[in-house]
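What follows is a single structure, written as C-alpha cells, with notes after it.
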Amino acid sequence: MLSLASICRNALRLAGITVLLTVPSFAAGLSATATYTDVPDPTTAGVYDYSLTLNNTGTTTIGTFWFAWVPGGDFLSPTPTHVTLPAGWTDNIFNNATNTGSSIRWVTTTSLLQPGQSLSGFNFESTETPTQLLGNVPSGTGAGDPILTSFVYIAAPFADPGAQIVATAVTPEPSSFALLATGLIGGAGGCYRRFKAARAA
C-alpha cells in the first residue's frame, strides 16, 4: 500500500508532466523590445506623428505586433489615424468597449521578424500627445498599466502565449549643429575671460 508521501510525490510528478505538455517549448524564446519617436505633424496642428521600431531580442520569430493592447483591453484614445506598416505586414485598428480605447495590430505571415533583427515602419498619427501616451490606462481591462503596453506573438495572434512588452521613447541625440554651437559659445567665453585677465594684469 502506498504511503501518503508516495502519493504526494507521484501527484507532483504528474503535475510537472502536465505543465511540460501544456506549455509550448517556444514560449520562453519569445522576447522583444519596442521604441518610438514622436514629432509634431508638419501640416496639421495638434497632431503627432509616431514611428515605432520593433526589436526581436529572443530566439523565435515575431509575426504579430499588437500595440497599446492586452487581451481584452485597447489603450489608445482617441483612435489613431494614417496607420502605415512595413512591407509584407497588414494592419488593423481594434476598439474594445471595456475601456473605450483603440489599439493597432500589425501581422505578417510572409515577412516574420527574425531573431536579432529590428524592423521599423510601424507608424501612425494621433492627437494623443506624447505626454498623454506616457500615462497609464485609467479604467477597464489593464487599468493602471502603461498605455504603451503591447504584445508580440511568434506568428498569428493567439497561436502562442505571446509576450508582453512596453514601448519606450527614444531620446533624440543633440544635433551636430547644436554641439558645434555649444562648443563655439564655450570657446568664446574662455577667450573673453583670458582677454579680461590679461588686461587686468
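Only the coordinates and a few stated rules stand behind these numbers; no lab work does. Just so it is clear, the model here is predicted, and its values are computed rather than measured. Quick reminder, even Gly has a Cβ in these numbers, built from the backbone with ideal geometry, and neighbours come from all protein chains shown.
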query: For segment 28-171, what relative contact order do you get, as a whole percent, if you take Cα pairs closer than 8 Å and at least 6 residues apart?
result: 33
Burial ordering of SER77, SER111, fewest other beta-carbon atoms within 10 Å first: SER111, SER77
- prompt: Taking the C-alpha atoms of segment 28-171, how large are the radius of gyration and the largest Cα-Cα span, Dmax, in Å?
  reply: 14.2, 44
- prompt: Roughly how big is segment 28-171's charge dipole about its Cα centre, with Cβ charges of +1 (Lys, Arg) and -1 (Asp, Glu), in debye to the nearest 20?
  reply: 260
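Taking neighbour Cβ counts within 10 Å as the exposure measure, how do PHE65, PHE122, PHE94 sort from fewest upward?
PHE94, PHE122, PHE65
Quick one: net charge around ASP49, please, counting Lys, Arg +1 and Asp, Glu -1 for every other residue with C-beta under 14 Å from its C-beta.
Numbers: positive: none; negative: ASP38, ASP41, GLU125, GLU128.
Residues close to ASP49 contribute a combined charge of -4.
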field: Fewest-first sequence of VAL107, VAL170, VAL152, VAL137 by Cβ atoms within 10 Å of each Cβ
entry: VAL170, VAL107, VAL137, VAL152
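Taking the DSSP beta bridges in segment 28-171 as the whole, what percent of them are antiparallel, to the nearest 5?
95
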